[in-house]
1. Would it be correct to say that ASP139 is part of a loop (DSSP other than H, G, I, E, B) and among the acidic types (Asp, Glu)?
2. In the stretch 188-232, how many residues are part of a loop (DSSP other than H, G, I, E, B), closer than 19 Å to VAL133 by Cβ and away from the ligand (no atom under 15 Å from the Cβ)?
3. Look through the stretch 548-587, keep the residues that are of a type in the set (S, T, N, Q) and more than 16 Å from the ligand (Cβ to nearest atom), and return whichever of them is nearest to the chain's Cα centre (by Cα).
4. Can you confirm whether the stretch 393-411 contains a residue that is free of Cβ contacts under 8 Å to residues at least 40 places away in the same chain and surrounded by fewer than 24 Cβ atoms within 10 Å (Cβ to Cβ)?
5. Going through the stretch 175-211 one residue at a time, which ones are crowded, with 24+ Cβ neighbours inside 10 Å and of a type in the set (Gly, Ala, Ser)?
6. Can you find a residue in the stretch 107-114 that is within 16 Å of the ligand (Cβ to nearest atom), closer than 25 Å to ALA564 by Cα and crowded, with 23+ Cβ neighbours inside 10 Å?
7. If I filter the stretch 263-316 down to residues being under 22 Å from CYS360 (Cβ atoms) and of a type in the set (Ser, Thr, Tyr), which single residue comes out as farthest from the ligand (Cβ to nearest atom)?
Amino acid sequence: MGRNLTQRILADHLVEGELVPGQEIGIRIDHTLLQDATGTLALLEFEALGLPRVRTERSVQYVDHNLLQTDHKNADDHRFLQTACARYGLVFSRPGNGVSHQVHMERFGVPGATLLGADSHTPGAAGVSMFAVGAGGLDVALAMAGRPYFLPFPRVLGVRLTGRLPDWVSAKDVILELLRRRGVKGCLGLVVEYHGPGVESLSATDRETIGNMGTETGATTTVFPSDDHTRAYLEAQGRGGAWRPLAADQGAAYDEEDAIDLARIEPLIACPSSPGNVVPVREVAGIHVDQVLVGSSVNSSFRDLMVVAAIVAGRTTNPRVSVHINPGSRQVMENVMVHGGALNLLRAGVILNEAGCLGCIGMGQAPGTGQVSLRTMPRNFPGRSGTVGDQVFLCSPETAAAAALTGVITDPRDLGREMEYPRIRDPEHYLLDEGSLVVPPEDGSAVEIVRGPNIQPFPALDALPAELEATVALRVGDNISTDTILPGGNRVLPLRSNIPAISQFVFSQLVPDFPERCQSAGTAAVVGGENYGQGSSREHAALAPRFLAVRVKIAKSFARIHRANLLNFGVVPLTLADPTDYERLADGTRLVLPELRRRIEAGEEVIPLEVAGATVRTLLPLSPRERRSLLAGGALNAVREELTGRLEGL
Ligand code: MIC
């Protein structure tokens, strides 16, 4: 039987393991990307490996998160990143040049190549048919060192697309439809591969939208075929030579199947405070809106901005709504200017911001108390906007533009009574801008890396002890995101290169005294429900608690990237064999894990916990590589041990 496209790309990049679902495989990584909020730590980790230069085809460091310069910290980090890039051979994308996802697709994306990014929305590069996966910074640092990326060989969900999107409905509604059907953990362990006749009606940036936000379904990544749209996009980017056609083999099979008739999709919206809380826009129409944000991580392409510009052209946005545009890249903005969009937006009262993540990660643009914010971004987890008790809805640029005009949530199809739907065509040739991409020198060995006081060394992590005794410092519920474990936002993000300082914010949204609880516990545990750690790839959500002495996390189930990050930093991720045992593990419960080290060394997968005279069964399925990392106290220790004496062999 033929292979689907996911299997073809993975087979092409396989360096370890076998293509058997569930088995761990190692794949060769062609490109890596870092952004500044994850990149400082990742570069410190890369540095700890002691290599002179990255060993990938292409590694890029973007500066898109920590853009506000309210004191020395972000500027310190940017200088560190720029000098480290010159030293180790990464391209440096300067602040203001744009969001990693958008710029990478524009300037570097290659169909069929693998991309590992320290940002969970990396799968946006599905827009140019990359196999693009989000991971913790340490995994990306190891890929930069030329090591494979390890993942369980995924099951593939084939989504057959038919039909064509109606007027006023766009790519965001397609991914919202998948989220409506499957929720935030419906695609855990799956790669979502789109195929079928409907694919050809979606442009490269439409596919980027679907891939980027596909992360919110829990999927490992999203894959699209490479076709004439892909070629047209790459040619318009002046990179037609990078194109090659790619598709599943004839008659390829999928592990699971779904189908979407694009013609039947209607405008959808994710309500507060989960991307999985999706309803038709008409069901919430009429709710007053205070803020509209278009752009950032997703829906920040030329088409997305131009459709808003066309809708508001010649009108004034509602005076009680603050309307912002965050372009995906400087190049996008330049093209919007050339095609007249910027003037329409400005004259309508829209605020044009620099290209970057901004409000998407709470870096500015926080809504006021009790205010409703409509955003085209991929996430609306509680408090992520920077405002406690926030009311953030996620929708398409069309729905956002309609609310910007009317001041209330509005089904954009209602605008059709007064105007024709503006179908935006991508330019045949974009105005290109590579001026903010700093290419590293051939030999960077003499470059001095500049470390301001905000750059603290990577903390030392000890190996797993023979036995663990811990106290439950906090028990939380289902679907806890990494935004809740360790917030983003303007106050916390600038501390990403300073683990002692950032650790003071762990669980600060839920309890004010988490660090003190850990201190009095000596060794601490955290207990979670289903899908613990969903959302961002930030490895700080594993490392900062570890720094506070959290050595064990026990949950009903874990999100993919967070589980990998826990193992990377030597935190034991135990899954409850019987989910009802969750009730026994309240705050303050004392736990003993007898002979933990011996059991893991022996490959035992059932780990008993002694709790108040009873035994709770937990599960710890590990690959040999994960086992080594956990025993060593983290992947960096394990790799260092492996490298000792054989650095050249890497
Ligand atoms: C996000 O959308 O949560 C982020 C900000 O892009 C993160 C990365 C981070 O926490 O820095 C992500 O998704 O990985």
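1. Values: part of a loop (DSSP other than H, G, I, E, B): no; among the acidic types (Asp, Glu): yes.
No, not satisfied.
2. First, the residues of the stretch 188-232 that are part of a loop (DSSP other than H, G, I, E, B): 188-189, 196, 202-203, 218-220, 224-225, 227.
Those left that are additionally closer than 19 Å to VAL133 by Cβ: 188-189, 218-220, 224-225.
Filter once more, keeping what is away from the ligand (no atom under 15 Å from the Cβ): 188-189, 224-225.
Residues in the stretch 188-232 being part of a loop (DSSP other than H, G, I, E, B), closer than 19 Å to VAL133 by Cβ and away from the ligand (no atom under 15 Å from the Cβ): 4 in total.
3. Our first condition is that a residue be of a type in the set (S, T, N, Q); within the stretch 548-587, this holds for 557, 565, 568, 575, 580.
After this cut, where a residue has to be more than 16 Å from the ligand (Cβ to nearest atom) as well, the list is 557, 575, 580.
Details: SER557: 19, THR575: 23, THR580: 31 Å.
Filtering the stretch 548-587 for residues that are of a type in the set (S, T, N, Q) and more than 16 Å from the ligand (Cβ to nearest atom), the one nearest to the chain's Cα centre (by Cα) comes out as SER557.
4. In the first step, residues of the stretch 393-411 are kept if they are free of Cβ contacts under 8 Å to residues at least 40 places away in the same chain; the result is none.
Within the stretch 393-411, not a single residue is free of Cβ contacts under 8 Å to residues at least 40 places away in the same chain and surrounded by fewer than 24 Cβ atoms within 10 Å (Cβ to Cβ).
5. Of everything in the stretch 175-211, those that are crowded, with 24+ Cβ neighbours inside 10 Å and of a type in the set (Gly, Ala, Ser) turn out to be ALA204, GLY211.
6. Within the stretch 107-114, the subset within 16 Å of the ligand (Cβ to nearest atom) is none.
No: zero hits.
7. SER301
For (1) over 25 Å from ASN568 (Cα atoms); (2) within 13 Å of the ligand (Cβ to nearest atom); (3) more than 17 Å from the chain's Cα centre (by Cα); (4) among the basic types (Lys, Arg), each residue gets a yes or a no:
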| site | (1), (2), (3), (4) |
| --- | --- |
| ARG28 | no, no, yes, yes |
| ALA42 | no, yes, no, no |
| PHE46 | no, no, yes, no |
| SER59 | no, no, yes, no |
| ASN66 | no, yes, no, no |
| ASP76 | yes, no, yes, no |
| LEU81 | no, no, yes, no |
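The values are calculated or read from the model by the stated rules, or taken from the named source; none is laboratory data. Computed from a predicted model, the values in this text were never measured in an experiment. Heads up, the Cβs are rebuilt from the backbone with ideal geometry, glycines too, and the neighbour counts pull from every protein chain shown.
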